[in-house]
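**Q** Here it is: the structure, laid out below.
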Amino acid sequence: MGNTNNGPEESTDLGAVLRNGREILLQGFNWESHKYDWWRNLERKVPDIAKSGFTSVWLPPASNSFSPEGYLPQNLYSLNSSYGSEQLLKALLQKLKQYKVRPMADIVINHRIGTTKGHGGMYNRYDGIPLAWNEHAVTSCTGGLGNKSTGDNFHGVPNIDHSQHFVRKDIIGWLKWLRSVGFQDFRFDFARGYSAKYVKEYIEGAKPIFSVGEYWDSCNYNGHGLDYNQDSHRQRIVNWIDATGQLSAAFDFTTKGILQEAVKGQFWRLRDPQGKPPGVMGWWPSRAVTFIDNHDTGSTQTHWPFPSNHIMEGYAYILTHPGIPTVFYDHFYDWGNSIHEQIVKLMDIRRRQDIHSRSSVRILESQHNLYSAIIAEKLCMKIGDGSWCPTGREWALATSGHRYAVWQKQ
């Protein structure tokens with residue numbers, strides 16, 4: 001499928017979108033969205049989402065769940081959830097298709113809540129619903145009769161044993177069904193919980209257009225705060241991507257962790273010892289999905305929040321740099337019209353200057369109060385309250401805001 005411009009529907013080539021590298025994702029929900037008739041709310045916003053230039057919208061878990069947010073799934077084949085009915089979901093998926101924005105399904109397959117008690121008196125059987133697995137589908141470390149987990153445990157609930165052939169066959173069947181319902185992209189929840197080789201098998205089986213994994217573990221901290229060197233952290237994410245057969249991208253938690261400290265007046269953090277960006281973006285940009293906050297780190301959970309008075313500096317960084325940038329729903333729709341417009345403007349400049357996931361970065365300054373860089377030799381940016389502008393008359397200001405500015409060649 002040489003030409004990737006035919007639209008994702010026609011492309012059966014798993015790697016086309018990754019190679020093209022011109023994605024901008026929207027995370028289309030937060031931790032509270034289940035309270036707000038969500039599928040209907042998003043459907044009203046589809047024209048704006050498309051006009052703004054997003055290629056894919058990550059939707060919250062659509063399957064029936066024990067918890068309203070969707071992350072404790074039970075009946076995977078029921079698409080009635082606290083976000084709305086199956087009918088409303090299908091209307092949203094149809095509208096996204098009409099506007100050529102790809103819907104991304106949140107794939108929660110590390111764990112599953114049982115329906116009936118089995119071995120050891122635990123709820124580790126799934127009688128009476130589709131995929132009516134028994135205790136052999138549950139890892140021995142979480143009370144089942146399956147094998148030991150191939151990853152970290154998600155505590156307090158039965159974890160799925162992906163080493164069982166019948167489990168993988170059923171999961172691939174379900175993922176294919178999600179594709180037939182209209183989901184085109186996948187986001188793999190809690191990817192630390194099971195071996196990446198199974199993610200590879202699931203992507204090969206269900207053929208999503210684009211996939212991203214949530215491989216989230218702690219950055220390296222010392223007594224004084226965040227370490228300057230996060231190479232071991234980004235290496236673990238890179239290893240995970242590699243083990244998916246390079247078929248999946250991964251959220252760049254390394255960049256998030258560093259960037260949210262850098263904007264507090266420590267911009268020296270944004271250049272690694274080799275002079276490159278210090279996150280996954282600096283090592284494998286075509287697989288690095290950059291972001292500022294998500295439903296866990298920000299929203300009402302605030303497990304690891306980006307400083308709220310610096311988010312535009314954050315977006316000025318990720319939307320001008322290589323990698324695959326993601327915008328968070330809250331920032332785009334709940335933080336006021338000015339922020340919305342500023343983000344759209346940065347997205348416009350990215351597209352007009354044809355900045356993509358593999359664009360080159362030349363870092364010019366990374367001091368306490370200033371970071372500046374030239375991207376793809378056609379765009380120049382600075383963040384921080386240090387004053388700076390590019391030398392050379394070819395640079396014209398493209399946009400600016402509080403503590404950030406972007407120039408383009410005129």
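**Q** Taking segment 264-292 on its own, how many of its residues are surrounded by 24 or more Cβ atoms within 10 Å (Cβ to Cβ) and either of a type outside the set (Gly, Ala, Ser) or more than 20 Å from residue 236 (Cα to Cα) (or both)?
**A** So the count comes out to 12.
**Q** Residues of segment 248-277 being in a helix (DSSP H, G or I) and either in contact with a His (Cβ under 7 Å, 6 or more places away or on another chain) or among the basic types (Lys, Arg) (or both), which ones?
**A** 254, 256, 267, 268, 269, listed by residue number.
**Q** Exactly one condition in (1) closer than 18 Å to residue 293 by Cβ; (2) part of a loop (DSSP other than H, G, I, E, B) is false for residue 245; which is it?
**A** Failed condition: (1).
**Q** Here's a follow-up. Being within 18 Å of the chain's Cα centre (by Cα), open to solvent by 60 Å² or more (accessible area, probe 1.4 Å) and modelled with pLDDT of 95 or more is true for just one of 229, 239. Which residue is that?
**A** On inspection, the qualifying residue turns out to be 239.
**Q** Right, something else. Does residue 14 fit the bill of being part of a loop (DSSP other than H, G, I, E, B) and either open to solvent by less than 20 Å² (accessible area, probe 1.4 Å) or under 19 Å from residue 184 (Cα atoms) (or both)?
**A** For residue 14, the condition - part of a loop (DSSP other than H, G, I, E, B) and either open to solvent by less than 20 Å² (accessible area, probe 1.4 Å) or under 19 Å from residue 184 (Cα atoms) (or both) - is met.
Residue by residue, here is whether (1) crowded, with 17+ Cβ neighbours inside 10 Å; (2) more than 15 Å from residue 202 (Cβ to Cβ); (3) under 21 Å from the mean Cα position of the chain (by Cα) holds:
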| position | (1), (2), (3) |
| --- | --- |
| 150 | no, no, no |
| 161 | yes, no, no |
| 169 | no, no, no |
| 175 | yes, no, yes |
| 178 | yes, no, yes |
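**Q** Six or more apart or on different chains, Cβ atoms under 9 Å: show the pairs whose first residue is in segment 194-205 and touching a residue at least 12 places away in the same chain (Cβ under 8 Å) and hydrophobic (A, V, I, L, M, F, W, C) and whose second is in a helix (DSSP H, G or I) and open to solvent by less than 20 Å² (accessible area, probe 1.4 Å).
**A** 196/240; 196/241; 199/191; 199/240; 203/175
**Q** Output the number of the condition that residue 314 fails; it satisfies all remaining conditions of (1) part of a helix (DSSP H, G or I); (2) under 18 Å from residue 380 (Cα atoms); (3) open to solvent by 10 Å² or more (accessible area, probe 1.4 Å); (4) of a type outside the set (Ser, Thr, Tyr).
**A** Here residue 314 clears every test but (3).
**Q** May I pose another question? How about segment 372-408: which of its residues are open to solvent by 30 Å² or more (accessible area, probe 1.4 Å), of a type outside the set (S, T, N, Q) and under 14 Å from residue 354 (Cα atoms)?
**A** 377, 378
**Q** A further question on this structure: Considering only residues that are part of a helix (DSSP H, G or I) and within 16 Å of the chain's Cα centre (by Cα), look in segment 182-202 and name the one that is nearest to residue 150 (Cα to Cα).
**A** In this case the residue turns out to be 192.
**Q** Further question: Hey, can you tell me all the residues within segment 318-339 that are within 14 Å of residue 52 (Cα to Cα) and assigned to a loop (DSSP other than H, G, I, E, B)?
**A** 319
**Q** While we're here: Across segment 42-59, what is the number of residues that are open to solvent by less than 30 Å² (accessible area, probe 1.4 Å) and touching a strand residue (DSSP E or B) at 6+ places or on another chain (Cβ under 9 Å)?
**A** Final tally of qualifying residues: 9.
The values are calculated or read from the model by the stated rules, or taken from the named source; none is laboratory data. Keep in mind that this is a model prediction, so the values were computed, not measured. All Cβ positions, glycine included, derive from the backbone under ideal geometry; neighbour counts span all protein chains shown. With ligands, DNA and RNA removed, areas are computed over all heavy atoms of the protein, side chains included. Shrake-Rupley method; radii C 1.70, N 1.55, O 1.52, S 1.80 Å.
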